[in-house]
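A quick write-up on the structure given underneath.
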Amino acid sequence: MKTDLLFDFIVDKEKKTVHIKREFDAPIDLVWDAFTRPELLDQWTAPAPFQSKTKYMNFEPGGKRFYAMVSPDGKEGWIIQKYTSISPKTQFKLHNAFADKDENPEPTGSDWDYNFSEQNGITTVYITIFNESLERMERMIELGFKEGFTATLKNLEELLKKNQNEY
Amino acid sequence: MMKRDIFQAIADPTRRAILVLIAAQALTPNALAEEFDMTRQAVSKHIKVLKECDLISQKQEGREIYYQLKIEKMKEVDNWIEQFRKIWETRFSQLDEVLLNLKKQQNEN
């Protein structure tokens, strides 16, 4: 597998926005499927050891995906994603909100914009996440990661270097 | 002095570049300014913001001032962003696997 795939990750707290760009060593058809089909989404959207469990999903404008992030001790965090626009194999947008198990969403959420493009068999996915509130953004980050990671300055330097290379 | 938000500081590409440069070694204002294609004043404005965020400190050596990175402060940023970044890193390596399997399946058919 190609190991030098681009991964950019930029948090702009002032604008309450996260920018994520990643290359995948696969044609656009497969990548598009992996982002838009529930059985595939469930295989990767929850970071291990969490698991994603889609209760139902209608991938169409106005349609929804209702799913849970299940923690190793079985706790379920429910999320509703409502698709607001879809241009096949190019772009889709959704509104994301935390919810309870009965599908009652929280009042503020985030808007996600996914863009796909392919060049020489490598597909680039560019995601922007806009949060309606800063508190929500911080919660989004905390969610499921209370145990935390031991981060080091070295990691940050790498991140900063990576970001710097863009300009 | 108004206390600035640390994340405001690193949202700017020039300021991120300044941090990377001084993370490697302490630098004088002149040495720093030479690294950028902008006026010295513009660079010192960025340095001022970083100072106000308590991300860099300065020391005097002879007649020269040197800027250095405040490592403890950087760790705050590090923890916050790194955690979030790691979530995505994990996700995407899982997705790499999914795609690899899909490609294999496609080749078999």
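FYI, it's all coordinate maths here, none of it is from the lab. Just so you know, these numbers come straight off a predicted model, no measurement behind them. Neighbour counts run over all protein chains shown; Cβ positions are idealised from the backbone, glycine included.
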Margin query: Strictly over 18 Å apart at the Cα level, which of A:Lys21/B:Lys104; A:Lys13/B:Lys45; A:Lys21/A:Lys89; A:Lys55/A:Lys82 would you flag in this model?
Written below: A:Lys21/B:Lys104; A:Lys13/B:Lys45
Next item on the list: With a cut-off of at most 14 other beta carbons within 10 Å, and DSSP calling the residue loop, which trypsin sites (Lys or Arg not before Pro) in the stretch A:1-96 qualify? Please list them.
Entry: A:Lys2, A:Lys15, A:Lys75
Item checked: Average Cα contact separation per residue, chain B, under 8 Å, 6 or more apart, as relative contact order % -> 25
Check: With each label point set 7 Å from Cα along the Cα-Cβ vector, what nm distance links B:Ala24 and A:Lys55?
Finding: 5.3
Note to self: Distance cut-off 32 Å, Cα to Cα: go down the list A:Lys16/B:Lys103; A:Lys75/B:Lys51; A:Lys16/A:Lys53; A:Lys16/B:Lys59 and report the pairs above it.
What the structure shows: A:Lys16/B:Lys103; A:Lys75/B:Lys51; A:Lys16/B:Lys59
Note to self: For the pair A:Tyr126/B:Gln60, report the inter-label distance in nm, with labels modelled 7 Å from Cα in the Cβ direction.
What the structure shows: 4.9
Check: Going by the alpha-carbon gyration tensor, a ≥ b ≥ c the square roots of its eigenvalues, is the stretch A:1-88 rounded (a/c under 1.5) or, if a/c is not under 1.5, prolate (a/b greater than b/c) versus oblate?
Finding: rounded
Margin query: Please arrange A:Ser110, B:Ser57 by how many other C-beta atoms lie within 10 Å of their C-beta, fewest to most.
Written below: B:Ser57, A:Ser110
Check: What does the charge dipole of the stretch A:1-72 about its Cα centre add up to, to the nearest 20 debye, if the Cβ of each Lys and Arg holds +1 and the Cβ of each Asp and Glu holds -1?
Finding: 420
Note to self: With only alpha-carbon atoms in the gyration tensor, what are the semi-axes of the equivalent ellipsoid for chain B, in Å, largest first?
What the structure shows: 40, 16, 12
Notebook entry, point to check: Based on Cα positions only, what radius of gyration and what Dmax would you give for the stretch A:7-53, in angstroms?
Noted result: 13.3, 36
Margin query: Ignoring everything except DSSP H segments at least 4 long, calculate the 222 nm mean residue ellipticity for chain B; use -39,500 (n - 2.57) per segment, divide by total residues, nearest 500.
Written below: -22000 deg cm²/dmol
